[in-house]
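These notes are about the structure you will find just below.
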Amino acid sequence: MISAAGLGKRFGDGWVFRGVTFQLPERGLVVVLGPNGSGKTTLLKILATLLEPTEGEVEILGLSWGEARRRLRREVLYAHQEPVVLSGTVEDNLFCRDYDVEDALGLRPVLRKKAKSLSGGYRKLVTLARVLACRPKVALLDEPTAFLDPEKRQIAAAHIAEYSRKNLVVWTSHYPSELPPAERLYELRDGALKELSNIR
Ligand SMILES: Nc1ncnc2c1ncn2[C@@H]1O[C@H](COP(=O)(O)OP(=O)(O)O)[C@@H](O)[C@H]1O
Ligand SMILES: [Mg+2]
């Protein structure tokens, strides 16, 4: 459903990664580990067609990268690493509404609050809810538990794990210890993507 062959991205003179090849399953949790600056965000943004690859092939739900950028709207969604919210209330930030998601992530009590007035943790939950409530087939979640306190981390992780039972979730992280069991584990490091055995 999402695959890449010989994928590479360069900014200016420097390659972030090259030769990235993978085939992701239709559903399940896929984790991409890697230190800061290794290219995790860049890779997710390419899969979300927000960034254009420099070389290589990507297939997204049966479409080439260019077709996917033109044709896909809500099937493949990216949730920002930073807790990005728009002006207005939390409700105004939720383009798709799903009471179960709002409930599960603990957003119901803050729906009427100004999104920009919330703490980083709540703003991060809004960025997650914005994506998950639209029920994308592929949810690209960039460090989804960053900014969250331990309790919210657990709640978000459980919800994301549940979501990945029926959909594909790609989760980037540099904290392997706090991840739910994953279908597949990769590491992005020194410009290359490696599949790791699923042992932590
Ligand atoms: N728009 C950009 N222009 C130039 N360099 C960039 C841009 N975006 C990311 N980079 C560089 O690409 C590398 C990978 O960044 P990123 O994908 O954010 O890594 P990660 O998410 O793993 O921390 C970094 O060296 C970063 O500085
Ligand atoms: Mg990143």
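The values are calculated or read from the model by the stated rules, or taken from the named source; none is laboratory data. The structure presented is a predicted model; accordingly, all values stated were derived computationally and were not measured. As a convention, Cβ positions derive from the backbone with ideal geometry for all residues, glycine included, and neighbour counts pool all protein chains shown.
Contact annotation: residue pairs with Cβ atoms under 6 Å, 6 or more positions apart or on different chains, pairing a residue in segment 2-13 that is free of Cβ contacts under 8 Å to residues at least 60 places away in the same chain with a partner that is part of a loop (DSSP other than H, G, I, E, B) and surrounded by 13 or more Cβ atoms within 10 Å (Cβ to Cβ), are Leu7/Pro53; Gly8/Thr54; Lys9/Pro53; Lys9/Thr54; Arg10/Thr54.
Name the single residue that is surrounded by the fewest Cβ atoms within 10 Å (Cβ to Cβ) among those in segment 9-19 being outside any loop (DSSP other than H, G, I, E, B) and within 12 Å of ligand 1 (Cβ to nearest atom). My answer is Gly14.
Taking the condition within 16 Å of the chain's Cα centre (by Cα) and either farther than 18 Å from Leu140 by Cβ or of a type in the set (Val, Ile, Thr) (or both), does Val84 pass? The answer is yes for Val84. Per this entry, Leu141 is counted among residues that are in contact with a Phe, Trp or Tyr (Cβ under 6 Å, 6 or more places away or on another chain), under 14 Å from Val169 (Cα atoms) and not basic (Lys, Arg).
Taking segment 85-110 as the range and being at pLDDT 95 or above, more than 21 Å from Glu151 (Cα to Cα) and not charged (D, E, K, R) as the test, the residues that pass are Val85, Leu86, Ser87, Gly88, Thr89, Asn93, Leu94, Cys96. Specify the residue that is nearest to ligand 1 (Cβ to nearest atom); the eligible residues are those in segment 28-77 that are of a type in the set (Lys, Arg) and free of Cβ contacts under 8 Å to residues at least 12 places away in the same chain. Once the filter is applied, the top-ranked residue is Arg70. For Thr54, state whether it is away from ligand 2 (no atom under 16 Å from the Cβ), within 27 Å of Ala161 (Cα to Cα) and more than 17 Å from the chain's Cα centre (by Cα). Criteria not met by Thr54. Of the residues making up segment 163-189, just one is part of a helix (DSSP H, G or I) and either under 15 Å from the mean Cα position of the chain (by Cα) or closer than 17 Å to Leu77 by Cα (or both), namely Tyr163.
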